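Novice: Below is one structure. I have some questions about it.
The values are calculated or read from the model by the stated rules, or taken from the named source; none is laboratory data. Keep in mind the model is a prediction, meaning the values are calculated, not measured. Please note: Cβ atoms are built from the backbone with ideal geometry, for glycine as well, and neighbour counts cover all protein chains shown.
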Amino acid sequence: MGNYYQQDIETMAPEGLRAIQSERLLKQVRHAYDNVAYYREMMDKKGVSPDDIKSLDDLHKLPFLTKADLREAYPYGLLAKPLSECVRIQSTSGTTGKRVVVFYTAHDVDIWEQCCARAIMAVGGTKEDVVQVCYGYGLFTGGAGLHGGSHKVGSLTLPMSSGNTERQIQFMQDLGSTIICCTPSYAAYIGETLKEMGISPDDIQLKAGIFGAEPWTEEMRRDVEKSLGLKAYDIYGLTEMCGPGVAFECEAQGGMHINEDYFIPEIIDPDTGEVLPEGAKGELVFTTLDKEAFPLLRYRTRDICVLHREKCACGRTLIKMAKPMGRSDDMLIIRGVNVFPSQIETVLLEQGYTPNYRIEVDRAGNNDTLDIYVELTSEQFSDTVRAIEQKEKQLAAAMKTMLGINPKMHLVPPKSIARSEGKAVRVVDKRKLHD
C-alpha cells in the first residue's frame, strides 16, 4: 500500500518517535513558559516549571488548557511569537461566545500543510490527481489546510469552497476530479444532487473522498461511497491545533493515524482528569510539539474516543484514534440518560433512513422531551399516512433500544429539513431558553 509523504516519520519505530517527542516536548514547554504569561501563571500556580519536564513521562504534571482559557486569553493572550512573525490567523466556526483565533508563523503553516499532504497521500493521492477542495475557505480551517496539503503533494488543486453545488459538479465532470475534500453532510448532498441530475457515479472520476469537520457514522460512509462511487476517508483536526490533519485515515479505513511527531495524544477521565491506559475510552487531550505562534499544552478537545497502537496494513506506525464517539460537551443529558447525536444517526442509517435529521430537546413541566425529525426519501414519502405512522412507531422502538429512552419520532417530507453547506446543525436544545 506504501504511499507516504514522509515515509521515514510515518513508519518510524516507536522508540525513535518517542525520542523525537521527548526532545520537542521539552522545547515546546520552555517556549510556552518563557513567552506566554498565561502559561507561566498556570504552571506557577500548579507548582511546575519547565525543568520538571524531563521526558514524555512528565507530561501529566502540566496543567490542562481548555476552550474557556482560549476565550479568556483572546485575542493575544496565548501568543508566543511577536505579531511581526505571524503570517496568518484562522478561527473556529463555532457560533457561541467569543471566537477562538489561532495564529500561525510561516513554519506553523508549513507543518500544517505537511500533515494534510500526509492525509492526501494516505488515501492514494499523488501529483497526478485532481483534488477538489469544497471545504469552506476563509477563517474556517478546512479549505486552507487541504488546499495547502494538495499543493505539497503536487496535485492539481481546485479551490472551490463550499456551496454552488451545480458548479461543483460541472468542474468535477469537466476537470476529472479524482479526490474530493468536504464535510460528510455536503458529500451526501452532492450525491443527492447527482442523482437528481441523472448523473451516475460511473460518469465521474472520483476515487477518494476526505471528509471531516463533523461527526459521521460507518453507515453514512457506505451511503456516500455508493452515491459518489469512491472510498470515503475520515480526517480529524481542531482549529485550535492547526485545523484538519491532526489525524487521518489510511487505505485500511480502520481509525485515524495521529501525526505524533507534532501532536502528543492522551486519553483522560473527563471527570477526574486522570490519564487512562491505552485502549481505554475517555476524553482526548493534545499537546502540540513544534508550534511557534500558538503552542497548546494538554489541550482538552472534549472528544470522547479510544487510542490503539497495533500494526496497520498501510505500514504506518503512528498511533491510531478511533472515530470520536461524541463530545463530552455535545452529550445531551435527557431524563438523566447520556445521549449522543451520533447514536441517533446510527439507528437512522441502520433502518434505511437518510442522515438528514434534526433533534429537538425541550422540557414540558419537569419532564425532558425528545423529538426527532427525519426526512423521508421521495419513495418512502409516497406511503399512506397509516404506513408512515407505523414506521414512526418502529423507529421509536429502535431508538429506545439504542438510547434507553423513548423519543417522539416525526417522519417529514423530502427536503423539508434545511440543508447546510458547511457544518450541519443537528441539535436544538430549547431547555436552555427556560432556565
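Novice: If you scan region 43-71, which residues turn out to be under 27 Å from Asp303 (Cβ atoms), part of a helix (DSSP H, G or I) and touching a residue at least 12 places away in the same chain (Cβ under 8 Å)?
Specialist: Quick first cut of region 43-71, residues under 27 Å from Asp303 (Cβ atoms) only: 43, 45-46, 48, 53, 55-71.
Subset that is part of a helix (DSSP H, G or I): 43, 45-46, 56-61, 67-71.
Within region 43-71, Met43, Lys45, Lys46, Leu56, Leu59, His60, Lys61, Lys67, Asp69, Leu70, Arg71 meet the criteria.
Novice: Moving on to the next point. Could you list all residues from region 195-213 that are buried (at least 18 other Cβ atoms within 10 Å of the Cβ) and closer than 24 Å to Arg118 by Cβ?
Specialist: Leu206, Ala208, Gly209, Ile210, Phe211, Gly212, Ala213
Novice: If you don't mind, there's one more thing I want to ask. Which members of region 13-59 meet the condition of being among the hydrophobic types (A, V, I, L, M, F, W, C), exposed (fewer than 14 other Cβ atoms within 10 Å of the Cβ) and under 27 Å from Cys312 (Cα atoms)?
Specialist: Selection gives Ala13 alone.
Novice: For region 390-418, which residues satisfy the criterion of being of a type in the set (Gly, Ala, Ser), farther than 12 Å from Asp371 by Cα and part of a helix (DSSP H, G or I)? Steps first, answer last, please.
Specialist: Taking region 390-418 and keeping what is of a type in the set (Gly, Ala, Ser), we get 396-398, 404, 416, 418.
Imposing the further condition that a residue be farther than 12 Å from Asp371 by Cα reduces the set to 397-398, 404, 416, 418.
Ala397, Ala398 - these are the residues of region 390-418 that are of a type in the set (Gly, Ala, Ser), farther than 12 Å from Asp371 by Cα and part of a helix (DSSP H, G or I).
Yes/no matrix, rows are residues, columns are (1) crowded, with 18+ Cβ neighbours inside 10 Å; (2) of a type outside the set (Ser, Thr, Tyr); (3) under 18 Å from Asn356 (Cβ atoms):
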| residue | (1), (2), (3) |
| --- | --- |
| Asp371 | no, yes, yes |
| Leu376 | yes, yes, yes |
| Phe381 | no, yes, yes |
| Arg386 | no, yes, no |
| Lys391 | yes, yes, yes |
| Met402 | no, yes, no |
| Pro407 | yes, yes, yes |
| Pro414 | no, yes, yes |
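Novice: Let me ask you something else. Scan Gln380, Gln351 and give me the residue that is over 24 Å from the mean Cα position of the chain (by Cα) and more than 18 Å from Asn406 (Cβ to Cβ).
Specialist: On inspection, the qualifying residue turns out to be Gln380.
Novice: Moving on. If you check every pair at least six apart or on different chains, which have Cβ atoms under 8 Å apart with a residue in region 164-175 that is in a helix (DSSP H, G or I) first and a residue that is among the acidic types (Asp, Glu) second?
Specialist: Thr165/Glu421; Gln173/Asp203
Novice: Just to check your reading of the model, which residue among Gly136, Gly191 is assigned to a helix (DSSP H, G or I), within 24 Å of the chain's Cα centre (by Cα), among the small types (Gly, Ala, Ser) and at negative phi?
Specialist: The unique qualifying residue is Gly191.
Novice: Just to be sure I understand, how many residues within region 269-288 are part of a strand (DSSP E or B) and either over 18 Å from Lys67 (Cα atoms) or among the aliphatic types (A, V, I, L, M) (or both)?
Specialist: 3
Novice: Now a separate question. If we scan region 109-120, do we find a residue that is surrounded by 24 or more Cβ atoms within 10 Å (Cβ to Cβ), modelled with pLDDT of 95 or more and outside any helix (DSSP H, G or I)?
Specialist: no
Novice: Considering only residues that are without any contact (Cβ under 8 Å) to a residue 12 or more places away in the chain and small (Gly, Ala, Ser), which ones fall in region 314-351?
Specialist: Residue satisfying the conditions is Gly336 alone.
Novice: Let me ask something else about it. Taking Ile372 as the residue in question, decide whether it is touching a Gly at 6+ places or on another chain (Cβ under 6 Å) and either modelled with pLDDT of 95 or more or part of a strand (DSSP E or B) (or both). First the steps, then the outcome.
Specialist: On the way: touching a Gly at 6+ places or on another chain (Cβ under 6 Å): no; either modelled with pLDDT of 95 or more or part of a strand (DSSP E or B) (or both): yes.
No: the conditions fail for Ile372.
Novice: Same structure again: Out of all the residues in region 315-324, is one or more in a helix (DSSP H, G or I), at negative phi and aliphatic (A, V, I, L, M)?
Specialist: Step one: of region 315-324, the residues in a helix (DSSP H, G or I) are none.
There is no residue in region 315-324 that is in a helix (DSSP H, G or I), at negative phi and aliphatic (A, V, I, L, M).
Novice: So, in region 106-144, exactly how many residues are within 15 Å of Ile180 (Cα to Cα) and of a type in the set (Phe, Trp, Tyr)?
Specialist: So the count comes out to 2.
Novice: Testing Leu139 on (1) of a type outside the set (Lys, Arg); (2) more than 22 Å from Tyr5 (Cβ to Cβ); (3) crowded, with 18+ Cβ neighbours inside 10 Å, one condition comes back false. Which one is that?
Specialist: Result: Leu139 passes all but (3).
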